[in-house]
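A.B. asks: Handing you a structure now.
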């Protein structure tokens, strides 16, 4: 199995400006993510950015960098430009690993690539994890997914789904409640089609890009992650918790 990892990285994060270059345990978040990608067995790891500061730091720790437009609204758009600029083959498998996931296991990065390789009829592979608490299930910042019998996505939502008919008191940690982990694998030809599609009404409503693919009839495989995926870094509080986990005072 041959796959590449592309890491979209921008400087102007709304909730945590410059987060790609913030330090965690003596290394930037971006370098942590890059190391996880390398450990996955990817044939190549590419950082796609529009920022010279990120490019300079990435090149300093040995990363391949692809400079992209500053106009992109999402990491998916940025990766689509990068794979086109670098001439990736239409059937090539690329993994979109966000630059704020310093704890993503290498095993899971490889898992999404393998899920795509093993299923020619699948357009996107991603992963999910069980929702552990009622509070998480209710949290609109935690994206939930419901799947069919083949672990393919039926729907993604910020709402608590599936919703027991009898109400929240029927919720159980043993039930079919899963959170979606924002890690994706796709073939390059599908990726180029995806970014040309107009945003779907459901995507705009929920602010979930993967709903664009479902609305177009795409098949999304969502196996349960082989390891706990850890926390992403979106806010100053997330960074503080991550530093505490590492004993990084």
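The values are calculated or read from the model by the stated rules, or taken from the named source; none is laboratory data. What you see is a predicted model; the values in this text were computed from it and never measured. In this analysis, Cβ positions are derived from the backbone assuming ideal geometry, glycine residues included, and neighbour counts consider all displayed protein chains.
A.B. asks: Surrounded by fewer than 23 Cβ atoms within 10 Å (Cβ to Cβ) and over 26 Å from residue 118 (Cβ atoms): does that describe residue 16? Outline the logic, then answer.
C.D. replies: Working: surrounded by fewer than 23 Cβ atoms within 10 Å (Cβ to Cβ): yes; over 26 Å from residue 118 (Cβ atoms): yes.
Considered against the rule, which asks whether it is surrounded by fewer than 23 Cβ atoms within 10 Å (Cβ to Cβ) and over 26 Å from residue 118 (Cβ atoms), residue 16 comes out as yes.
A.B. asks: A follow-up question, please. Tally up the residues in region 84-103 that are surrounded by 19 or more Cβ atoms within 10 Å (Cβ to Cβ) and closer than 20 Å to residue 122 by Cα, please.
C.D. replies: Here the count works out to 6.
A.B. asks: All but one of (1) surrounded by fewer than 17 Cβ atoms within 10 Å (Cβ to Cβ); (2) closer than 28 Å to residue 121 by Cβ; (3) without any contact (Cβ under 8 Å) to a residue 24 or more places away in the chain hold for residue 240; state the number of the condition that does not hold.
C.D. replies: Condition (2) is where residue 240 drops out.
A.B. asks: Would region 46-56 turn up any residue that is surrounded by 21 or more Cβ atoms within 10 Å (Cβ to Cβ) and more than 26 Å from residue 127 (Cα to Cα)?
C.D. replies: Of the residues in region 46-56, the ones surrounded by 21 or more Cβ atoms within 10 Å (Cβ to Cβ) are 46-49, 54.
Adding the requirement that they be more than 26 Å from residue 127 (Cα to Cα) leaves 54.
Yes, there is a match, as at least one residue in region 46-56 is surrounded by 21 or more Cβ atoms within 10 Å (Cβ to Cβ) and more than 26 Å from residue 127 (Cα to Cα).
A.B. asks: Would it be correct to say that residue 87 is free of Cβ contacts under 8 Å to residues at least 12 places away in the same chain, more than 21 Å from residue 203 (Cα to Cα) and part of a loop (DSSP other than H, G, I, E, B)? If you could, list the steps in order and put the result at the bottom.
C.D. replies: Numbers: free of Cβ contacts under 8 Å to residues at least 12 places away in the same chain: yes; more than 21 Å from residue 203 (Cα to Cα): yes; part of a loop (DSSP other than H, G, I, E, B): yes.
For residue 87, the condition - free of Cβ contacts under 8 Å to residues at least 12 places away in the same chain, more than 21 Å from residue 203 (Cα to Cα) and part of a loop (DSSP other than H, G, I, E, B) - is met.
A.B. asks: Further question on the same structure: Of the residues that sit in region 69-80 and are assigned to a loop (DSSP other than H, G, I, E, B) and touching a helix residue (DSSP H, G or I) at 6+ places or on another chain (Cβ under 8 Å), which one is surrounded by the fewest Cβ atoms within 10 Å (Cβ to Cβ)?
C.D. replies: Narrowing region 69-80 to residues assigned to a loop (DSSP other than H, G, I, E, B): 69-74.
Those still in the list that are touching a helix residue (DSSP H, G or I) at 6+ places or on another chain (Cβ under 8 Å) too: 69, 72.
Working: 69: 9, 72: 19.
It comes out as 69.
A.B. asks: Could you tell me whether residue 247 is modelled with pLDDT under 95 and over 17 Å from residue 98 (Cβ atoms)?
C.D. replies: Yes: the conditions hold for residue 247.
A.B. asks: Select from region 163-189 the residues that are at pLDDT 90 or above, crowded, with 17+ Cβ neighbours inside 10 Å and more than 23 Å from residue 227 (Cα to Cα) and list them in ascending order. Can you show your working first?
C.D. replies: Our first condition is that a residue be at pLDDT 90 or above; within region 163-189, this holds for 177-189.
Okay, now just the ones that are also crowded, with 17+ Cβ neighbours inside 10 Å, so 177-188.
Of everything in region 163-189, those that are at pLDDT 90 or above, crowded, with 17+ Cβ neighbours inside 10 Å and more than 23 Å from residue 227 (Cα to Cα) turn out to be 187, 188.
A.B. asks: Next question, about the same structure. For region 208-231, give me the residue count where each residue is touching a helix residue (DSSP H, G or I) at 6+ places or on another chain (Cβ under 7 Å) and buried (at least 18 other Cβ atoms within 10 Å of the Cβ). Quick ask: steps written out before the conclusion?
C.D. replies: If we filter region 208-231 for residues that are touching a helix residue (DSSP H, G or I) at 6+ places or on another chain (Cβ under 7 Å), which is where we start, we get 209, 211-213, 215, 220-221, 223, 225-227, 229, 231.
Filter once more, so that each one left must be buried (at least 18 other Cβ atoms within 10 Å of the Cβ): 209, 211-213, 220-221, 223, 225, 229.
So the count comes out to 9.
A.B. asks: Let me ask something else. Among 94, 127, 122, which is over 16 Å from residue 179 (Cα atoms) and in a strand (DSSP E or B)? Steps first, answer last, please.
C.D. replies: Working: 127 fails: over 16 Å from residue 179 (Cα atoms); 122 fails: in a strand (DSSP E or B).
Going through 94, 127, 122 in turn, the sole match is 94.
A.B. asks: I'm checking my understanding of the structure. Among residues of region 140-162 that are surrounded by 13 or more Cβ atoms within 10 Å (Cβ to Cβ) and farther than 19 Å from residue 209 by Cβ, which one is modelled with the highest pLDDT?
C.D. replies: Within region 140-162, the match that is modelled with the highest pLDDT is 151.
A.B. asks: Just for helices (runs of 4 or more DSSP H) wholly inside region 131-237: which have at least 2 residues that are in contact with a strand residue (DSSP E or B) (Cβ under 9 Å, 6 or more places away or on another chain) and free of Cβ contacts under 8 Å to residues at least 40 places away in the same chain? Break it down stepwise before answering.
C.D. replies: Details: elements: 134-138, 188-196, 201-206, 210-215.
In region 131-237, no matching helices (runs of 4 or more DSSP H) lie anywhere.
A.B. asks: For region 18-51, which positions are touching a residue at least 60 places away in the same chain (Cβ under 8 Å) and at positive phi?
C.D. replies: 25, 26, 41
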